[in-house]
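Asker: Sharing a structure, written as structure tokens. Questions coming.
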Amino acid sequence: MNDRMDRRERDVLDQATAALRDARIPDGPSPQLTASTVEALQASTPAPDVIRRIQRRKRMFRIARFGAAAAAVMLAVLAGAFWLLDRSASMSFAKMVENVKKAKSVSFVVKQKIGDQPELESKMFIRGNFIRYETPSETGIIHLDQKKGRELNWPIDQLRNLKEDAKDHMKSLGDEDVGGRKCHVYQIKGLAKSLWFGGNQFKLWADAKIGLPVKIHFADDHTSVTWEDFIWDEPLNGDLFSLDDLKDRNGERPTPARVIPTRIYYQQGWTELHSVQADGETPEAQFVPRLPDSAETYDSAKAELSPDGCYLAMAYTHITDHGAFAPYRVLLWDRTQPKEAVIEVYARPEGELQSWRFSDDGKLLYVSWWQHLAGKEQADGRTGTDVVDLKTRAKQAVKLPTYKGADGKEQQAQFAAASADGQTILVVGQGLQTATADGKVVRSLTAPDVNVFPSSVRVSPDGKEAVYATFHREDKSHQLFVVSLAGGEPKELVPAGKFTDVRPSWSPDGKRIAYTCRLLDPKNPPFNYGAETYLKLVDANGANASVLLTKKVQPKETSLELTAWR
Amino acid sequence: MTDWSQIVREHGPMVWRTAYRLLNHDSDAADCFQRTFVSALAVADKEPIRNWPALLKRLATARALERLRQRRREANRRDVLPEGGGADVRAADPVQAAEAGELAEHLREALAELDARQSQVFCLSCLEGLSYQQIAEQVGVTVNHVGVLLSRARASLRERLLAHRPAAQNASERKGSHE
């Protein structure tokens, strides 16, 4: 019965694809369309709408993050290639083919460089029909259903069809030393016109002792792909392939969280919320809900955890080829429930949301927004903050102080944080300032020209101090400070010129501060991201600094992003 | 200096076919045609173009999918029917042609509901015939991830096709309520 169902399913998509491919298309473009297009291009005057959106892409570059990178499956190809080649090859090659066929699991790393694009790297684990792939921004599990033969449409089909020509495709290149291991080297070429790499050749190194591949390399004048660090038949941890709900989640496992006090929550990439104890023990990860029918992407940088640790106030970013657009609504996800339902608690369809913060009791949400001014330049907009009662969804605007900007125009300060009783707010206008609930500035905590990130400002649990991150335009570095709300000299926790992407949070007892940051590399514009990102701890007075986690990252991979310490 | 006249004349028919296949609508295809070349202009300003057909196929597919998604949102408010009803497929038998036309239309709807990157990869591979390597370059993922995205796209599309219209309508309503 299942087999029949599978066949029927496959038919539907194949039929529909064929129908669409063969759809009748009237001749075109018309000579007028061609002429007007050429004219527009030669005048280099793209339509105003398009100009606006391309400029916008630059503004939102931070969250575009270059569309995630990559993961991998080579086993299918390997199996196909070996199956194809085994008859014609030498004894040692044939033996290797047997070994590959017998292997129960394999893991390996893929490195790809195309033209001037940055190198991409991903890791794959394969056991049976389950494949786990890890890319800088995405981790997932997929299941290859063998019954649905062409499910993946991977090159294996094409390889199989070339069986008869196999003997012409493999050449032994002798032996070579790879990482201290003696390897037989084979060259395989011209496998298929429609193969991944347009019929070019690849090289394969096989460990002479164990008779299994250790490296595969493909290159043409523009592209280089290397599969390496093969580990065969390693006992892979079962959790790597844990799948409770393949169908709905493409293999990602929604697990309800138990909320354990005093854990540090952080994210990297788009799919998982990680947590760890302050001593680095008991790491956990939980998949964040995704919208299955949508091109929207989870915006990990903006997520906020409620004070009780149960709810994640989260949002999705729209990603199109024009760039990434900031979220316009906030959703509340109850992490402790097995179902992944999210509910919308705030929406501003005409605006872009910058950040949101829970009140200390978790009953209110302060949402800061930006909105384009109709008829004005792309970057012209106004900002504001609404406070939402999460029970009634009633919202009202927060009164914020105004000040005279550098251009002489009146500007509104940006909301940063609120005291537990809501009577004092912290704002970023002329530096970091405290203000009354009706929008009158009380005190300046920093010099007026300091660039403070409003979303980084966190008030200590006792309500007496605030931690905040600053930004230096020249080198894109961030600094971290603690300052007393009563005034006084700010204390520096992270020095200038060394790190960027700094995000802090207080420990629940208010004694320590956790923060994530990224090494600064001036040679790597536009964000000057370096190759390492950290989760660090430090006492609120600057003593006992330590590194809890270090992660090597690629230039365009996201940094570790601290969410909270709860 | 890019010779746009030459490029539009040489690749225009291919861009037109890519756009029209997905949109099945004259003025939408024409709009998509122009947007594709305007996007190409922006790309060519920044970097030398090594493979014009692959770039133009990617841009045309992206612009057409955007328009499809936009149409789907509009369809919540009013019924928008593509020109020519369902009989847009080359087939001898009129009944077969109508069925195929309907299937093609269902696939367009399903593509509009799919994650943008997945639908893009599906179109480039299954409709435009780009190799994994070409898609990897255009989309900025590794060749192996192309396989992953394609696998997911096929699974989602199949589910949607099997659910036919009712599911598509439910999904639209759900999304529409947030807009």
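The values are calculated or read from the model by the stated rules, or taken from the named source; none is laboratory data. All figures in this text were calculated on a predicted structure; none of them were measured in a lab. Note that each Cβ is placed from the backbone with ideal geometry, even for glycine, and that neighbours are counted across all protein chains shown. In case anyone asks, the SASA skips ligands and DNA or RNA and just uses the protein heavy atoms, side chains included. Shrake-Rupley method; radii C 1.70, N 1.55, O 1.52, S 1.80 Å.
Asker: Test A:Ile319 against the criterion of being open to solvent by 20 Å² or more (accessible area, probe 1.4 Å), at pLDDT below 90 and touching a Gly at 6+ places or on another chain (Cβ under 9 Å), and give yes or no.
Answerer: Yes; evaluated as a whole, the condition is true for this residue.
Asker: Go through region B:117-143 and count every residue that is in a helix (DSSP H, G or I), out of contact with any strand residue (DSSP E or B) (no Cβ under 7 Å at 6 or more places or on another chain) and modelled with pLDDT under 85.
Answerer: So the answer is 1.
Okay, residues lined up against (1) closer than 16 Å to A:Asp22 by Cα; (2) within 8 Å of another protein chain (Cβ to nearest Cβ); (3) touching a residue at least 60 places away in the same chain (Cβ under 8 Å):
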position: B:Glu102; (1), (2), (3): yes, no, no
position: B:Leu107; (1), (2), (3): yes, yes, no
position: B:Leu111; (1), (2), (3): no, no, yes
position: B:Val121; (1), (2), (3): no, no, no
position: B:Leu127; (1), (2), (3): yes, yes, yes
position: B:Ser131; (1), (2), (3): no, yes, no
position: B:Glu137; (1), (2), (3): no, yes, yes
position: B:Thr142; (1), (2), (3): no, yes, no
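Asker: For region A:498-511, enumerate the residues that are under 28 Å from the mean Cα position of the chain (by Cα), surrounded by 15 or more Cβ atoms within 10 Å (Cβ to Cβ) and over 18 Å from A:Ser455 (Cα atoms).
Answerer: Correct list: A:Pro508 only.
Asker: Considering only region A:9-29, how many residues are open to solvent by 50 Å² or more (accessible area, probe 1.4 Å) and closer than 22 Å to B:Asn24 by Cβ?
Answerer: 5
Asker: Let me ask something else. Would you check if there is a residue in region A:455-477 being open to solvent by 50 Å² or more (accessible area, probe 1.4 Å), of a type outside the set (D, E, K, R) and within 28 Å of A:Gln396 (Cα to Cα)?
Answerer: Among the residues of region A:455-477, at least one is open to solvent by 50 Å² or more (accessible area, probe 1.4 Å), of a type outside the set (D, E, K, R) and within 28 Å of A:Gln396 (Cα to Cα), which makes the answer yes.
Asker: Okay, next question. Do we find a residue being modelled with pLDDT of 85 or more, under 17 Å from A:Asp14 (Cα atoms) and either facing chain A (nearest Cβ under 7 Å) or assigned to a helix (DSSP H, G or I) (or both) anywhere in region B:84-91?
Answerer: Taking every residue of region B:84-91 in turn, none turns out to be modelled with pLDDT of 85 or more, under 17 Å from A:Asp14 (Cα atoms) and either facing chain A (nearest Cβ under 7 Å) or assigned to a helix (DSSP H, G or I) (or both).
Asker: Further question: Can you say whether B:Arg35 is facing chain A (nearest Cβ under 10 Å), at pLDDT below 95 and in contact with a helix residue (DSSP H, G or I) (Cβ under 6 Å, 6 or more places away or on another chain), as far as the supplied structure shows?
Answerer: yes
Asker: Consider region A:386-410. How many of its residues are in contact with a Lys or Arg (Cβ under 9 Å, 6 or more places away or on another chain) and surrounded by 18 or more Cβ atoms within 10 Å (Cβ to Cβ)?
Answerer: The qualifying residues number 5.
Asker: Next up: Of all residues in region B:1-32 being among the hydroxyl-bearing types (Ser, Thr, Tyr) and either more than 9 Å from every other protein chain (Cβ to nearest Cβ) or under 29 Å from B:Leu107 (Cα atoms) (or both), which is surrounded by the fewest Cβ atoms within 10 Å (Cβ to Cβ)?
Answerer: So the residue we want is B:Ser27.
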